[in-house]
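The values are calculated or read from the model by the stated rules, or taken from the named source; none is laboratory data. Predicted model only: the values in this text are computed from it and were never measured. Here the Cβ positions follow ideal geometry from the backbone for every residue, glycine too, while neighbour counts run over all protein chains shown.
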Amino acid sequence: MTSEPNQTFSVRPEAPADYAAIHTLVTAAFGREDEAKLVRLLRNDADAYVPDLTLVAEEAGEIIGHIMLTNAMLQGEEDWRVLALGPLSVTPERQRTGAGIALTEAALELADARGEPLVVLLGHPAYYPRFGFEPARGRGITPPSEEMPDPAFMVKVLSNYEERYRGRFEYAPAFDQV
C-alpha cells in the first residue's frame with residue numbers, strides 16, 4: 001500500500017525497527033512526550049495493539065508520520081470491541097503535505113476491510129469530518145468522560161456498522177496512564 005502517486009512518501013505498517021524514530025516523531029509533533037509514551041504503552045498492551053492498523057508514512061527512508069488504531073470497548077446493551085484512532089502524528093516540518101490525510105485514509109480503509117464496525121476519536125472538529133467523522137453522540141455513543149467536548153468526540157461508521165452499536169465508549173487502559 002502506498003500513498004497517492006504524486007506524493008513523495010509511502011504508507012506502510014510500522015516495524016520494530018521504526019520504534020525509536022516514531023518516539024522522536026510523536027514527541028516533536030506534539031511538543032511533549034505524553035503521546036509518545038501513550039504509543040509505547042498501547043504497543044505493549046496485547047489487547048489494545050493492532051499491528052496491521054498502526055502505520056507510518058515514510059519519505060526517503062525517514063519516518064515522517066504515524067497513526068494508530070487500537071482496540072477499545074463500547075459498553076451498551078452488549079459490550080463490543082471497536083477501534084480508537086490516536087494519536088496521529090506528522091513531523092512538524094512535513095505537516096500540511098498530505099501525510100496525515102494519507103495515513104488516516106489508509107488506516108480507515110484497512111479497518112473497513114477487516115470488517116470493523118466503527119472508529120472513535122477525540123480530535124480536532126475541523127480536521128476529521130473530511131474523513132466522514134461525525135459527532136459520536138448523534139450515533140448514541142457517549143464519551144468516557146463528560147469533560148470531553150462533544151464537537152471533538154467523533155465516530156466514523158464503517159461498512160460493518162449496525163445501529164445497535166450504542167453506549168459508553170472506553171479507551172484502552174493505556175489512555176489513563178498518560
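Annotations
- Close pairs (7 angstrom Cβ cut-off, 6 or more residues apart or separate chains): within 12 Å of Arg168 (Cβ to Cβ) in the range 142-158, among the acidic types (Asp, Glu) and not in a loop (DSSP other than H, G, I, E, B) anywhere: Pro144/Glu170
- Failed criterion for Glu162 (all others in (1) surrounded by fewer than 18 Cβ atoms within 10 Å (Cβ to Cβ); (2) farther than 21 Å from Ala113 by Cβ; (3) touching a residue at least 12 places away in the same chain (Cβ under 8 Å) hold): (2)
- Selection status of Ala174, in a helix (DSSP H, G or I), touching an Asp or Glu at 6+ places or on another chain (Cβ under 6 Å) and on the phi < 0 side of the Ramachandran plot: yes
- Applying the set (1) touching an Asp or Glu at 6+ places or on another chain (Cβ under 8 Å); (2) at pLDDT 95 or above to Glu33 leaves exactly one unmet item: (1).
- Any hit, the range 140-157, residues being in contact with a Ser or Thr (Cβ under 8 Å, 6 or more places away or on another chain) and either of a type in the set (Asp, Glu) or within 19 Å of Val56 (Cα to Cα) (or both): no
- Residue selected from the range 145-162 under the condition assigned to a loop (DSSP other than H, G, I, E, B) and modelled with pLDDT of 95 or more, by the criterion farthest from the chain's Cα centre (by Cα): Glu162
- The residue that is nearest to Glu35 (Cα to Cα), among those in the range 74-109 that are surrounded by fewer than 18 Cβ atoms within 10 Å (Cβ to Cβ) and within 16 Å of the chain's Cα centre (by Cα), is Glu105.
- Taking the range 19-53 as the range and being surrounded by fewer than 17 Cβ atoms within 10 Å (Cβ to Cβ), basic (Lys, Arg) and touching a residue at least 24 places away in the same chain (Cβ under 8 Å) as the test, only Lys37 passes.
- Counting only strands (runs of 3 or more DSSP E) wholly contained in the range 1-117, the ones carrying 2 or more residues that are of a type in the set (Val, Ile, Thr) occupy 54-59, 62-75, 79-90.
- Residue check, Gly132 over 12 Å from the mean Cα position of the chain (by Cα), among the small types (Gly, Ala, Ser) and surrounded by 17 or more Cβ atoms within 10 Å (Cβ to Cβ): no
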